[in-house]
Amino acid sequence: MAKCFALLGWSLPVIESMQKLNKPYVVVSFPDFEPYAKENDIPFVPYQLDEWSDSSNSLDLLEKLNQHNVDVAVPLFEETVEWAGALNSIYRGDPKVLNRAFLFRNKAMMKRKALIGGLRVGLFEEVYNKEGVKAFMKRLNEANLQIEGEEDSWVHIKPFASAGTVGHRLLRSMSDIDEKCEDEDFPCLAESHLQGREFSCEAFVHGGKIRFLNITEYVKLGYSNFIPEGNYLHSKRDMIMKEMQKMVDLFGIEYGMVHPEWFLTENDEMSFGEVACRIPGGHILELCGKAYDFDALGAFVLCHDPDLSEEELNEILPPIDARPENFYGNVMIYPHKNQISKLEIPEELKEEPYFLDHNLVPPMTTQKISDRDGFGNHFGTVNFKGEDPDRMTELLLHYENVDFYH
């Protein structure tokens, strides 16, 4: 067992998991959190994780963490992946741990690695301005044998290092490129549109092998999902597991948890979207923990420990073939208006047997709604639990369109 885990980033749910498990830890985050940490006896190292300089670097942080006997670093958020990679490369004596961290943080490098290793990916290219995106779309049109007057091939542009959907733009036409792209979007990754059913996996890895695999059913990306996967995806689980282990082997993932997104076509072809090695969004691990009845956040942290024994792994993870009886889902709620003043919970929701709870909070006063960046600015979630995945899908789609704020 690790002497001490460094949790890179501030997350109260993760801190609470470590306290319940009675595992040694120290939180590394911005100095703003230090007063709260001291007041609540949370081991804490203040650090400017958004800077990289002579006075803010992994070797300097390493010295500070040595005082806490840290020997495992865990990235909780996208922006701390390189920091964890740098520290763990020293703790494990393996420089490639840092290289893999850079791979997770650069979508273009990630796609090239996937392509070299034989994963199915779309066409992609690094672009530096609007003209580069237009040239990419033109080449896609040519490859798809488009003729004049037909719809342009769809193109997605994404920042190289942002989490999830932050900065992600879908461009359906040449005119979209002029209207939706800003100079600050560049340089970035441009890629073709992938067809198929989108879903994510959360693979808990130890010793280079997947020890537990969760599949998250996306009802609508950025709005709603449920766990475990519905019946159709479940029928493809063996195939998904095989492709997941192939990805783990290809990327050289030895410890921790990875969160890739995939597209599955009707012809059973799986296309690789992207992969992250931090806590996923959409409250996925919260749903996963409820569905499989385990501490998913705690397991996320502990799987980073190379010294974890087989017995300890079996204690913290569900059986590899577990299939829960109940499905847990949520819909993330966004106001439909630019200005809101009250919260209204529909009576039909209160009477719905699958309805579990919600954490929506009424606005204190009349509130203006700022622009959304990716899917990170939801006002809360409405949670459901039930035995039928098809009914779960219906409910999540329905309540995505219900306006809770007026």
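Quick notes on this structure:
- Members of the stretch 17-57 that are in contact (Cβ under 8 Å) with a residue 24 or more places away in the chain, under 23 Å from A299 (Cα atoms) and surrounded by fewer than 13 Cβ atoms within 10 Å (Cβ to Cβ): K20
- Meets criteria (at pLDDT below 95 and within 30 Å of R391 (Cβ to Cβ)) for H283: yes
- Residues that are small (G, A, S) and in a helix (DSSP H, G or I), drawn from the stretch 17-46: S17, A37
- Test: Y399 is at pLDDT 95 or above, in a strand (DSSP E or B) and crowded, with 16+ Cβ neighbours inside 10 Å: no
- F102 vs. criteria under 30 Å from L250 (Cα atoms), within 25 Å of the chain's Cα centre (by Cα) and without any contact (Cβ under 8 Å) to a residue 60 or more places away in the chain: yes
- Which listed residue is surrounded by 13 or more Cβ atoms within 10 Å (Cβ to Cβ), out of contact with any Leu (no Cβ under 7 Å at 6 or more places or on another chain) and at pLDDT below 95, from L115, L103, L145: L103
- Any hit, the stretch 291-304, residues being touching a Ser or Thr at 6+ places or on another chain (Cβ under 8 Å) and among the hydrophobic types (A, V, I, L, M, F, W, C): yes
- Test: residue in the stretch 77-91 that is free of Cβ contacts under 8 Å to residues at least 60 places away in the same chain, more than 18 Å from E261 (Cα to Cα) and under 20 Å from the mean Cα position of the chain (by Cα): yes
- Any hit, the stretch 246-261, residues being more than 26 Å from E387 (Cα to Cα) and among the acidic types (D, E): yes
- Remark: pairs (first residue in the stretch 318-340, of a type in the set (D, E); second residue modelled with pLDDT of 95 or more and surrounded by 11 or more Cβ atoms within 10 Å (Cβ to Cβ); Cβ separation under 8 Å; 6+ apart in sequence or on different chains) = E325/E387.
- Test result for V70, of a type in the set (A, V, I, L, M, F, W, C), more than 25 Å from the chain's Cα centre (by Cα), crowded, with 16+ Cβ neighbours inside 10 Å and not in a helix (DSSP H, G or I): yes
- Filtering P353, P362, P306 for residues that are part of a loop (DSSP other than H, G, I, E, B), in the same structural domain as H206 (by TED's automatic domain parsing) and of a type outside the set (V, I, T) leaves a single hit, P306.
- Residues being in a loop (DSSP other than H, G, I, E, B), farther than 18 Å from K180 by Cα and of a type in the set (D, E) - total across the stretch 112-161: 2
- Exclusive hit being closer than 20 Å to E269 by Cβ and modelled with pLDDT under 95, set L221, L233: L221
- In the stretch 1-16, of all residues being hydrophobic (A, V, I, L, M, F, W, C) and in a helix (DSSP H, G or I), the one that is surrounded by the most Cβ atoms within 10 Å (Cβ to Cβ) corresponds to V14.
- Test for G132: is it surrounded by fewer than 21 Cβ atoms within 10 Å (Cβ to Cβ), of a type in the set (G, A, S), over 29 Å from S11 (Cβ atoms) and not assigned by TED's automatic domain parsing to the domain that holds T265: yes
- Residue in the stretch 298-311 that is more than 30 Å from D238 (Cα to Cα) and touching a residue at least 40 places away in the same chain (Cβ under 8 Å) present: no
- Among (1) buried (at least 18 other Cβ atoms within 10 Å of the Cβ); (2) of a type in the set (S, T, Y); (3) in a helix (DSSP H, G or I) - the single one S175 does not satisfy: (1)
The values are calculated or read from the model by the stated rules, or taken from the named source; none is laboratory data. Note that the structure is predicted; figures quoted are calculated from it, not measured. Here the Cβ is made from the backbone with ideal geometry for all residues, glycine too, and neighbour counts use every protein chain on show.
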